[in-house]
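Colleague: Got a structure for you, written out below as C-alpha coordinates; questions coming shortly.
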Amino acid sequence: MFSATCVAPVNMALVKYWGKRNEELILPINDSVSMTLDANEMCAKTTITASESFKQNRMWLNGEVVTFEENARLMRCLAGVQRLALANGAHKFSLSWKLHIASYNNFPTAAGLASSAAGYACLVYTLARLYELPLNEELTTVARQGSGSACRSLYGGFVHWRRGSSADGSDSIAVPLAPASHWPNMHMLILVVNDARKKTGSTRGMQLGVSTSSLIQHRAKEVVPRRVKELMAAIESRDFQAFAEITIKESNQLHAICLDTYPPCVYMNDVSHAIVNFVHDYNETVGSLQAAYTFDAGPNACIYVLAENVPRLLAAIQLAFPNDAQQSVEYLMGIPVPPVELKNG
Ligand code: DP6
(Lines give C-alpha, C1' and ligand atoms only; values in the text may rest on other atoms or scores of the structure.)
Protein backbone atom coordinates (compact mmCIF):
# COMPACT_ATOMS: atom_id res chain seq x y z
CA MET A 1 0.00 0.00 0.00
CA PHE A 2 1.28 3.47 -0.94
CA SER A 3 -0.11 6.77 0.19
CA ALA A 4 0.48 10.53 -0.29
CA THR A 5 -1.12 13.57 1.34
CA CYS A 6 -0.81 17.11 0.00
CA VAL A 7 -2.36 20.51 0.46
CA ALA A 8 -2.91 22.93 -2.42
CA PRO A 9 -4.05 26.51 -1.99
CA VAL A 10 -6.66 28.56 -3.72
CA ASN A 11 -5.54 31.05 -6.34
CA MET A 12 -7.32 34.28 -7.14
CA ALA A 13 -7.26 35.60 -10.69
CA LEU A 14 -6.03 39.13 -11.37
CA VAL A 15 -6.53 38.87 -15.14
CA LYS A 16 -9.54 36.58 -15.43
CA TYR A 17 -10.00 33.33 -17.33
CA TRP A 18 -13.51 33.45 -18.78
CA GLY A 19 -14.44 31.42 -21.86
CA LYS A 20 -13.21 28.23 -23.51
CA ARG A 21 -12.34 27.47 -27.09
CA ASN A 22 -12.39 23.72 -26.38
CA GLU A 23 -14.73 22.45 -23.66
CA GLU A 24 -13.30 18.96 -23.35
CA LEU A 25 -9.62 19.87 -23.14
CA ILE A 26 -10.45 23.07 -21.22
CA LEU A 27 -8.59 25.44 -23.52
CA PRO A 28 -9.24 29.10 -22.73
CA ILE A 29 -9.93 31.94 -25.15
CA ASN A 30 -7.47 34.18 -23.28
CA ASP A 31 -4.45 34.14 -20.98
CA SER A 32 -4.92 34.73 -17.26
CA VAL A 33 -2.73 35.73 -14.32
CA SER A 34 -3.32 34.93 -10.67
CA MET A 35 -1.89 34.97 -7.17
CA THR A 36 -1.83 31.78 -5.13
CA LEU A 37 -2.73 32.08 -1.46
CA ASP A 38 -1.36 30.66 1.75
CA ALA A 39 -2.03 26.91 1.76
CA ASN A 40 -2.83 27.01 5.47
CA GLU A 41 -5.59 29.56 5.08
CA MET A 42 -7.71 28.38 2.20
CA CYS A 43 -6.77 25.06 0.74
CA ALA A 44 -7.76 21.60 -0.32
CA LYS A 45 -6.14 18.67 1.46
CA THR A 46 -6.08 15.32 -0.31
CA THR A 47 -4.91 11.87 0.70
CA ILE A 48 -4.60 9.22 -1.99
CA THR A 49 -3.91 5.59 -1.18
CA ALA A 50 -3.14 2.93 -3.78
CA SER A 51 -3.52 -0.74 -2.88
CA GLU A 52 -3.48 -4.02 -4.71
CA SER A 53 -6.44 -5.11 -2.57
CA PHE A 54 -8.77 -2.19 -3.50
CA LYS A 55 -11.54 -3.41 -5.81
CA GLN A 56 -12.46 -0.03 -7.30
CA ASN A 57 -11.50 3.63 -7.36
CA ARG A 58 -13.37 5.52 -4.66
CA MET A 59 -13.50 9.17 -3.67
CA TRP A 60 -14.85 11.25 -0.78
CA LEU A 61 -15.18 15.04 -0.83
CA ASN A 62 -15.62 16.58 2.62
CA GLY A 63 -16.60 13.13 3.88
CA GLU A 64 -19.27 12.49 1.23
CA VAL A 65 -18.96 9.84 -1.49
CA VAL A 66 -18.25 11.20 -5.00
CA THR A 67 -19.19 9.15 -8.07
CA PHE A 68 -15.61 9.01 -9.27
CA GLU A 69 -15.83 6.82 -12.37
CA GLU A 70 -18.75 8.86 -13.77
CA ASN A 71 -16.97 12.18 -13.39
CA ALA A 72 -15.29 12.87 -16.74
CA ARG A 73 -13.00 15.59 -15.35
CA LEU A 74 -11.73 13.41 -12.49
CA MET A 75 -11.17 10.51 -14.87
CA ARG A 76 -9.30 12.75 -17.31
CA CYS A 77 -6.99 13.94 -14.54
CA LEU A 78 -6.31 10.39 -13.41
CA ALA A 79 -5.68 9.21 -16.99
CA GLY A 80 -3.44 12.24 -17.60
CA VAL A 81 -1.24 11.60 -14.56
CA GLN A 82 -1.09 7.87 -15.26
CA ARG A 83 0.01 8.56 -18.85
CA LEU A 84 2.86 10.71 -17.50
CA ALA A 85 3.71 8.00 -14.95
CA LEU A 86 3.89 5.38 -17.70
CA ALA A 87 6.26 7.56 -19.72
CA ASN A 88 8.35 8.38 -16.64
CA GLY A 89 8.55 4.79 -15.38
CA ALA A 90 9.61 5.75 -11.82
CA HIS A 91 6.49 4.59 -9.95
CA LYS A 92 6.92 1.83 -7.36
CA PHE A 93 3.63 -0.02 -7.96
CA SER A 94 1.41 -1.08 -10.84
CA LEU A 95 -0.74 1.55 -12.51
CA SER A 96 -3.61 -0.95 -12.37
CA TRP A 97 -3.85 -0.65 -8.56
CA LYS A 98 -7.09 1.09 -7.59
CA LEU A 99 -7.11 4.31 -5.57
CA HIS A 100 -8.97 5.66 -2.57
CA ILE A 101 -9.05 9.47 -2.59
CA ALA A 102 -10.19 11.61 0.35
CA SER A 103 -10.30 15.36 -0.16
CA TYR A 104 -11.33 18.26 2.10
CA ASN A 105 -11.79 21.96 1.48
CA ASN A 106 -11.44 24.24 4.47
CA PHE A 107 -13.63 26.94 2.86
CA PRO A 108 -17.04 27.14 1.14
CA THR A 109 -17.36 24.94 -1.97
CA ALA A 110 -18.66 26.59 -5.17
CA ALA A 111 -19.26 30.02 -3.67
CA GLY A 112 -16.94 31.82 -6.05
CA LEU A 113 -13.92 31.14 -3.87
CA ALA A 114 -12.00 29.02 -6.35
CA SER A 115 -12.72 25.72 -4.60
CA SER A 116 -12.40 23.72 -7.83
CA ALA A 117 -8.99 25.28 -8.50
CA ALA A 118 -7.57 24.12 -5.17
CA GLY A 119 -9.40 20.78 -5.36
CA TYR A 120 -8.15 19.69 -8.78
CA ALA A 121 -4.68 21.13 -8.23
CA CYS A 122 -4.47 19.10 -5.04
CA LEU A 123 -5.77 15.94 -6.70
CA VAL A 124 -3.27 16.17 -9.55
CA TYR A 125 -0.37 17.18 -7.31
CA THR A 126 -1.08 14.32 -4.86
CA LEU A 127 -1.33 11.83 -7.73
CA ALA A 128 1.99 13.15 -9.02
CA ARG A 129 3.62 12.61 -5.60
CA LEU A 130 2.13 9.10 -5.40
CA TYR A 131 3.54 8.17 -8.82
CA GLU A 132 6.77 10.08 -8.12
CA LEU A 133 6.36 12.60 -10.92
CA PRO A 134 7.93 16.07 -10.97
CA LEU A 135 5.94 19.29 -11.02
CA ASN A 136 6.39 20.64 -14.54
CA GLU A 137 4.53 22.18 -17.48
CA GLU A 138 2.99 18.88 -18.52
CA LEU A 139 1.48 18.40 -15.08
CA THR A 140 -0.19 21.81 -15.36
CA THR A 141 -1.88 20.64 -18.60
CA VAL A 142 -3.38 17.75 -16.62
CA ALA A 143 -4.65 19.97 -13.77
CA ARG A 144 -6.11 22.31 -16.41
CA GLN A 145 -8.35 19.46 -17.56
CA GLY A 146 -9.86 19.15 -14.09
CA SER A 147 -10.75 22.82 -13.87
CA GLY A 148 -9.07 25.51 -15.94
CA SER A 149 -8.05 27.69 -13.02
CA ALA A 150 -6.55 24.65 -11.22
CA CYS A 151 -3.43 24.73 -13.39
CA ARG A 152 -2.46 28.03 -11.72
CA SER A 153 -2.71 26.58 -8.17
CA LEU A 154 0.21 24.22 -8.84
CA TYR A 155 2.59 27.12 -8.30
CA GLY A 156 2.89 29.63 -5.48
CA GLY A 157 3.18 33.38 -5.90
CA PHE A 158 2.19 34.98 -9.21
CA VAL A 159 1.28 32.61 -12.02
CA HIS A 160 0.55 33.03 -15.73
CA TRP A 161 -1.70 30.57 -17.57
CA ARG A 162 -0.84 30.88 -21.25
CA ARG A 163 -3.77 30.38 -23.59
CA GLY A 164 -1.60 28.47 -26.08
CA SER A 165 -2.53 27.87 -29.71
CA SER A 166 -2.09 24.14 -30.37
CA ALA A 167 -5.19 22.01 -30.94
CA ASP A 168 -4.12 19.37 -28.38
CA GLY A 169 -3.57 21.91 -25.58
CA SER A 170 0.06 20.96 -25.01
CA ASP A 171 1.06 24.64 -24.95
CA SER A 172 -1.83 25.80 -22.76
CA ILE A 173 0.30 25.70 -19.62
CA ALA A 174 0.75 27.53 -16.33
CA VAL A 175 4.14 29.10 -15.66
CA PRO A 176 5.34 30.76 -12.45
CA LEU A 177 5.98 34.49 -12.90
CA ALA A 178 7.41 35.39 -9.49
CA PRO A 179 7.51 33.60 -6.14
CA ALA A 180 5.63 34.95 -3.15
CA SER A 181 8.93 36.23 -1.75
CA HIS A 182 9.19 38.66 -4.68
CA TRP A 183 6.42 40.81 -3.18
CA PRO A 184 6.36 39.72 0.48
CA ASN A 185 4.14 42.55 1.70
CA MET A 186 1.37 41.72 -0.79
CA HIS A 187 -1.67 40.55 1.16
CA MET A 188 -5.17 39.57 0.32
CA LEU A 189 -8.25 40.06 2.42
CA ILE A 190 -11.33 38.01 1.65
CA LEU A 191 -14.68 39.46 2.53
CA VAL A 192 -17.11 36.56 2.71
CA VAL A 193 -20.42 38.11 1.78
CA ASN A 194 -22.30 34.90 1.18
CA ASP A 195 -21.10 31.33 1.17
CA ALA A 196 -24.16 29.79 -0.50
CA ARG A 197 -23.65 27.79 -3.69
CA LYS A 198 -23.86 30.02 -6.76
CA LYS A 199 -26.81 29.79 -9.16
CA THR A 200 -24.86 29.54 -12.40
CA GLY A 201 -21.49 27.82 -12.02
CA SER A 202 -18.42 29.23 -13.80
CA THR A 203 -18.39 26.46 -16.41
CA ARG A 204 -21.98 27.18 -17.50
CA GLY A 205 -21.61 30.95 -17.10
CA MET A 206 -18.62 31.11 -19.43
CA GLN A 207 -20.27 28.78 -21.98
CA LEU A 208 -23.24 31.14 -22.13
CA GLY A 209 -20.87 34.10 -22.34
CA VAL A 210 -18.95 32.67 -25.30
CA SER A 211 -22.16 31.91 -27.19
CA THR A 212 -24.12 35.08 -26.45
CA SER A 213 -21.90 37.99 -25.36
CA SER A 214 -20.86 40.33 -28.15
CA LEU A 215 -18.15 41.84 -25.92
CA ILE A 216 -16.30 38.66 -24.98
CA GLN A 217 -14.25 38.23 -28.18
CA HIS A 218 -13.14 41.88 -28.08
CA ARG A 219 -12.01 41.29 -24.50
CA ALA A 220 -10.12 38.09 -25.38
CA LYS A 221 -8.39 39.51 -28.46
CA GLU A 222 -7.81 43.17 -27.64
CA VAL A 223 -8.02 43.81 -23.93
CA VAL A 224 -6.49 40.80 -22.19
CA PRO A 225 -3.20 40.61 -24.16
CA ARG A 226 -2.49 44.25 -23.27
CA ARG A 227 -3.48 43.84 -19.64
CA VAL A 228 -1.39 40.69 -19.17
CA LYS A 229 1.70 42.57 -20.36
CA GLU A 230 0.93 45.57 -18.14
CA LEU A 231 0.22 43.39 -15.11
CA MET A 232 3.42 41.39 -15.58
CA ALA A 233 5.38 44.66 -15.64
CA ALA A 234 3.54 45.90 -12.52
CA ILE A 235 4.34 42.67 -10.66
CA GLU A 236 7.96 42.75 -11.75
CA SER A 237 8.46 46.33 -10.53
CA ARG A 238 6.15 45.89 -7.51
CA ASP A 239 4.08 48.83 -8.72
CA PHE A 240 0.94 48.59 -6.56
CA GLN A 241 -0.81 51.52 -8.29
CA ALA A 242 -0.67 49.86 -11.71
CA PHE A 243 -1.41 46.44 -10.18
CA ALA A 244 -4.51 47.78 -8.42
CA GLU A 245 -5.91 49.59 -11.44
CA ILE A 246 -5.57 46.56 -13.74
CA THR A 247 -7.03 44.23 -11.10
CA ILE A 248 -10.06 46.43 -10.49
CA LYS A 249 -10.72 46.95 -14.21
CA GLU A 250 -10.40 43.20 -14.86
CA SER A 251 -12.96 42.35 -12.20
CA ASN A 252 -15.34 44.96 -13.58
CA GLN A 253 -14.93 43.70 -17.13
CA LEU A 254 -15.61 40.09 -16.12
CA HIS A 255 -18.89 41.15 -14.53
CA ALA A 256 -19.74 43.40 -17.49
CA ILE A 257 -19.37 40.35 -19.77
CA CYS A 258 -21.55 38.37 -17.37
CA LEU A 259 -24.27 41.02 -17.66
CA ASP A 260 -23.82 41.06 -21.44
CA THR A 261 -24.53 37.31 -21.43
CA TYR A 262 -28.04 36.20 -22.32
CA PRO A 263 -29.70 35.41 -20.01
CA PRO A 264 -27.39 37.49 -17.80
CA CYS A 265 -25.30 35.91 -15.05
CA VAL A 266 -25.45 38.04 -11.94
CA TYR A 267 -22.79 37.02 -9.44
CA MET A 268 -22.37 40.16 -7.37
CA ASN A 269 -25.07 41.23 -4.90
CA ASP A 270 -25.86 44.51 -3.13
CA VAL A 271 -23.16 43.96 -0.51
CA SER A 272 -20.61 43.24 -3.27
CA HIS A 273 -21.51 46.55 -4.92
CA ALA A 274 -21.29 48.31 -1.56
CA ILE A 275 -17.75 46.90 -1.21
CA VAL A 276 -16.84 48.24 -4.68
CA ASN A 277 -18.07 51.70 -3.71
CA PHE A 278 -16.34 51.47 -0.36
CA VAL A 279 -12.96 50.64 -1.98
CA HIS A 280 -13.20 53.53 -4.47
CA ASP A 281 -14.19 55.96 -1.68
CA TYR A 282 -11.42 54.64 0.55
CA ASN A 283 -8.76 55.06 -2.15
CA GLU A 284 -9.97 58.59 -2.80
CA THR A 285 -9.81 59.44 0.90
CA VAL A 286 -6.27 58.12 1.34
CA GLY A 287 -5.18 59.78 -1.90
CA SER A 288 -3.82 56.72 -3.78
CA LEU A 289 -4.79 53.18 -4.70
CA GLN A 290 -4.20 51.28 -1.46
CA ALA A 291 -6.88 48.63 -1.93
CA ALA A 292 -7.87 46.68 -5.05
CA TYR A 293 -10.97 44.50 -5.21
CA THR A 294 -11.64 41.52 -7.39
CA PHE A 295 -14.71 39.28 -7.63
CA ASP A 296 -14.84 35.86 -9.30
CA ALA A 297 -18.10 34.10 -10.14
CA GLY A 298 -19.68 34.89 -6.78
CA PRO A 299 -20.49 37.76 -4.44
CA ASN A 300 -17.41 37.45 -2.19
CA ALA A 301 -14.74 40.11 -2.46
CA CYS A 302 -10.98 39.66 -2.49
CA ILE A 303 -9.11 42.80 -1.62
CA TYR A 304 -5.42 43.14 -2.40
CA VAL A 305 -3.58 45.42 0.00
CA LEU A 306 0.02 45.89 1.10
CA ALA A 307 0.81 44.72 4.64
CA GLU A 308 1.58 48.22 5.94
CA ASN A 309 -1.89 49.40 4.85
CA VAL A 310 -3.87 46.49 6.34
CA PRO A 311 -4.64 47.99 9.79
CA ARG A 312 -6.07 51.22 8.37
CA LEU A 313 -8.09 49.38 5.72
CA LEU A 314 -9.43 46.84 8.23
CA ALA A 315 -10.53 49.60 10.58
CA ALA A 316 -12.37 51.32 7.73
CA ILE A 317 -14.01 48.04 6.65
CA GLN A 318 -15.19 47.35 10.19
CA LEU A 319 -16.72 50.80 10.35
CA ALA A 320 -18.41 50.52 6.94
CA PHE A 321 -19.58 46.91 7.38
CA PRO A 322 -20.38 46.30 11.03
CA ASN A 323 -21.15 42.64 11.54
CA ASP A 324 -24.92 42.87 11.46
CA ALA A 325 -27.18 40.31 9.83
CA GLN A 326 -27.56 42.23 6.57
CA GLN A 327 -24.00 43.08 5.75
CA SER A 328 -21.98 40.45 7.45
CA VAL A 329 -18.46 40.00 6.15
CA GLU A 330 -15.76 37.77 7.55
CA TYR A 331 -12.09 38.36 7.08
CA LEU A 332 -9.53 35.89 5.90
CA MET A 333 -5.97 36.87 5.22
CA GLY A 334 -3.91 35.26 2.51
CA ILE A 335 -0.24 35.37 1.75
CA PRO A 336 1.06 33.52 -1.28
CA VAL A 337 2.70 30.08 -1.01
CA PRO A 338 2.79 26.94 -3.23
CA PRO A 339 1.28 23.47 -2.75
CA VAL A 340 3.18 21.12 -0.42
CA GLU A 341 3.33 17.45 0.44
CA LEU A 342 2.68 16.62 4.08
CA LYS A 343 5.01 13.87 5.19
CA ASN A 344 2.85 12.59 8.04
CA GLY A 345 -0.53 13.02 6.39
C1 DP6 B 1 -14.12 33.52 -12.52
O2 DP6 B 1 -11.70 27.20 -13.52
O3 DP6 B 1 -13.85 27.19 -12.21
O4 DP6 B 1 -12.68 32.12 -11.26
O5 DP6 B 1 -12.52 25.50 -16.21
O6 DP6 B 1 -15.01 25.38 -16.25
O7 DP6 B 1 -13.76 24.48 -14.28
P8 DP6 B 1 -13.78 25.50 -15.40
O9 DP6 B 1 -13.90 26.93 -14.70
P10 DP6 B 1 -13.13 27.52 -13.46
O11 DP6 B 1 -13.35 29.09 -13.77
C12 DP6 B 1 -12.79 30.09 -13.02
C13 DP6 B 1 -13.28 31.40 -13.47
C14 DP6 B 1 -12.94 32.56 -12.58
C15 DP6 B 1 -11.77 33.36 -13.12
C16 DP6 B 1 -10.39 32.75 -12.94
O17 DP6 B 1 -10.14 32.02 -11.97
O18 DP6 B 1 -9.53 33.07 -13.78
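The values are calculated or read from the model by the stated rules, or taken from the named source; none is laboratory data. The structure displayed is predicted, hence computed values, not measured ones. Heads up, the Cβs are rebuilt from the backbone with ideal geometry, glycines too, and the neighbour counts pull from every protein chain shown.
Colleague: Taking residue 308, is it closer than 30 Å to residue 181 by Cβ and either within 16 Å of the ligand (Cβ to nearest atom) or modelled with pLDDT of 95 or more (or both)?
Modeller: On the way: closer than 30 Å to residue 181 by Cβ: yes; either within 16 Å of the ligand (Cβ to nearest atom) or modelled with pLDDT of 95 or more (or both): no.
Spelling it out, it is not the case that residue 308 is closer than 30 Å to residue 181 by Cβ and either within 16 Å of the ligand (Cβ to nearest atom) or modelled with pLDDT of 95 or more (or both).
Colleague: In the range 209-223, what residues are crowded, with 17+ Cβ neighbours inside 10 Å and touching a Ser or Thr at 6+ places or on another chain (Cβ under 6 Å)? If you could, list the steps in order and put the result at the bottom.
Modeller: To start, the set of residues in the range 209-223 that are crowded, with 17+ Cβ neighbours inside 10 Å comprises 209-210, 213, 216, 219-220.
Across the range 209-223, the qualifying residues are 209, 213.
So that you can scan it fast, the table gives a plain yes or no per residue for (1) touching a helix residue (DSSP H, G or I) at 6+ places or on another chain (Cβ under 8 Å); (2) farther than 15 Å from residue 151 by Cα:
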residue	(1), (2)
23	yes, yes
26	yes, no
32	yes, no
35	no, no
45	yes, yes
48	yes, yes
53	no, yes
60	no, yes
63	no, yes
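Colleague: I need the full set of residues from the range 126-156 which are within 16 Å of the ligand (Cβ to nearest atom) and either touching a Gly at 6+ places or on another chain (Cβ under 6 Å) or farther than 12 Å from residue 10 by Cβ (or both), in order please.
Modeller: Correct list: 140, 141, 142, 143, 144, 145, 146, 148, 151, 154, 155.
Colleague: Of the residues that make up the range 45-61, is at least one assigned to a loop (DSSP other than H, G, I, E, B), polar (S, T, N, Q) and at pLDDT below 90?
Modeller: no
Colleague: Among all residue pairs at least 6 apart or on different chains, which show Cβ distances below 6 Å where the first residue, located in the range 253-279, is in a helix (DSSP H, G or I) and the second is modelled with pLDDT of 95 or more and surrounded by fewer than 20 Cβ atoms within 10 Å (Cβ to Cβ)?
Modeller: What qualifies is 257/215; 260/215.
Colleague: Which numbered condition in (1) farther than 18 Å from residue 118 by Cα; (2) part of a strand (DSSP E or B); (3) away from the ligand (no atom under 16 Å from the Cβ) is the only one that residue 101 fails?
Modeller: It is condition (1) that residue 101 fails.
Colleague: Among the listed residues 8, 4, identify the single one that is in contact with a helix residue (DSSP H, G or I) (Cβ under 9 Å, 6 or more places away or on another chain), more than 16 Å from the ligand (Cβ to nearest atom) and in contact (Cβ under 8 Å) with a residue 60 or more places away in the chain.
Modeller: Values: 8 fails: more than 16 Å from the ligand (Cβ to nearest atom).
Exactly one residue qualifies, and that residue is 4.
Colleague: Right, next: What residue, of 167, 128, 150, is farther than 18 Å from residue 32 by Cβ, crowded, with 19+ Cβ neighbours inside 10 Å and not hydroxyl-bearing (Ser, Thr, Tyr)?
Modeller: Details: 167 fails: crowded, with 19+ Cβ neighbours inside 10 Å; 150 fails: farther than 18 Å from residue 32 by Cβ.
Among 167, 128, 150, only 128 is farther than 18 Å from residue 32 by Cβ, crowded, with 19+ Cβ neighbours inside 10 Å and not hydroxyl-bearing (Ser, Thr, Tyr).
Colleague: Consider only pairs whose beta carbons are under 7 Å apart and that are at least six residues apart or on different chains; among these, list those whose first residue lies in the range 284-296 and is more than 15 Å from residue 271 (Cα to Cα) and whose second residue is small (Gly, Ala, Ser).
Modeller: Note: pairs meeting the criteria are 289/244; 292/244.
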